[in-house]
Amino acid sequence: MEVLEKRRLMAFEDVYEASVRVQEAFLGSEDYGRSSCMSLYSSFRNEVLTDEIFHAAAASGREVYYPRVVRGLSRHLEFFRVTHLGELSPGSYEIEEPCGGEIKGDPAVFDLVVVPGAAFDRKGGRLGYGKGYYDHALKGLGCRVVALAYDFQVIDGELPMEEHDVRVSAIVTESRIIRV
């Protein structure tokens, strides 16, 4: 997919610069402003960075959770509270995830979930990496789901969506916030 290749080829300086702008926009958004219990992701393969969001959320007293892939008969995500980024270490797929005896969170109490993705459309369609972890974890939740992305990840037209795919409520990029 062209979008993933373009993201993969980004220099770290460009990832950092764009990520700072995305995070600033997110931290100024009403979605963040109304949240008290949220889930973040650990960036991977040049995804938008989330460290500044974590630091701001933790400093303001928000509860912050990160997903961990649980393998077995049913592969799925479980969410664990993180109070400092040192609690994360490489896990499944070499993505940083909670690694110890953390407090397990119930996604039903989250008021905001921040997700990554490969590509997005303006109607909230999200293309992940094909495993369906987030779709399964977020199905039926009533909270806002916000994607962080670079402008080039928001495509014209519509992404193919299946019945089990979960749409995002908003997409925050370095130049805009797209409300769905």
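Is it true that Gly124 is assigned to a loop (DSSP other than H, G, I, E, B), more than 22 Å from Val15 (Cα to Cα), in contact (Cβ under 8 Å) with a residue 40 or more places away in the chain and more than 13 Å from the chain's Cα centre (by Cα)?
Details: assigned to a loop (DSSP other than H, G, I, E, B): yes; more than 22 Å from Val15 (Cα to Cα): yes; in contact (Cβ under 8 Å) with a residue 40 or more places away in the chain: yes; more than 13 Å from the chain's Cα centre (by Cα): yes.
Answer is yes for this residue.
Take Val166 and decide whether it is within 25 Å of Gly28 (Cα to Cα), in a strand (DSSP E or B), touching a helix residue (DSSP H, G or I) at 6+ places or on another chain (Cβ under 6 Å) and in contact (Cβ under 8 Å) with a residue 40 or more places away in the chain.
Judged against the criteria, Val166 is not a match.
Applying the selection to the stretch 9-19, what residues are under 17 Å from Ser42 (Cβ atoms) and loosely packed, with under 15 Cβ neighbours inside 10 Å?
We begin by selecting, within the stretch 9-19, every residue under 17 Å from Ser42 (Cβ atoms); these are 12, 15-16, 19.
Selection gives Phe12, Tyr16.
For every residue, the table says whether it meets (1) more than 22 Å from Arg21 (Cα to Cα); (2) surrounded by fewer than 12 Cβ atoms within 10 Å (Cβ to Cβ); (3) touching a strand residue (DSSP E or B) at 6+ places or on another chain (Cβ under 9 Å); (4) in contact (Cβ under 8 Å) with a residue 24 or more places away in the chain.
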| position | (1), (2), (3), (4) |
| --- | --- |
| Gly72 | yes, yes, no, no |
| Phe79 | yes, no, yes, yes |
| Leu85 | no, no, yes, yes |
| Glu96 | yes, no, yes, yes |
| Pro116 | no, no, yes, yes |
| Glu158 | yes, yes, yes, yes |
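Consider the stretch 131-141. How many of its residues are over 20 Å from Asp121 (Cβ atoms) and either touching a helix residue (DSSP H, G or I) at 6+ places or on another chain (Cβ under 8 Å) or in a strand (DSSP E or B) (or both)?
Number satisfying all stated conditions: 2.
Please indicate, with yes or no, whether at least one residue in the stretch 84-102 is of a type in the set (S, T, N, Q), modelled with pLDDT of 90 or more and touching a Phe, Trp or Tyr at 6+ places or on another chain (Cβ under 9 Å).
Within the stretch 84-102, none of the residues are of a type in the set (S, T, N, Q), modelled with pLDDT of 90 or more and touching a Phe, Trp or Tyr at 6+ places or on another chain (Cβ under 9 Å).
Within the stretch 56-70, how many residues turn out to be surrounded by 15 or more Cβ atoms within 10 Å (Cβ to Cβ) and under 17 Å from His136 (Cβ atoms)?
5
The values are calculated or read from the model by the stated rules, or taken from the named source; none is laboratory data. If you're wondering where the values come from, they're calculated on a predicted model, not measured in any experiment. Backbone-built Cβ (ideal geometry, glycine too); neighbour counts: all protein chains shown.
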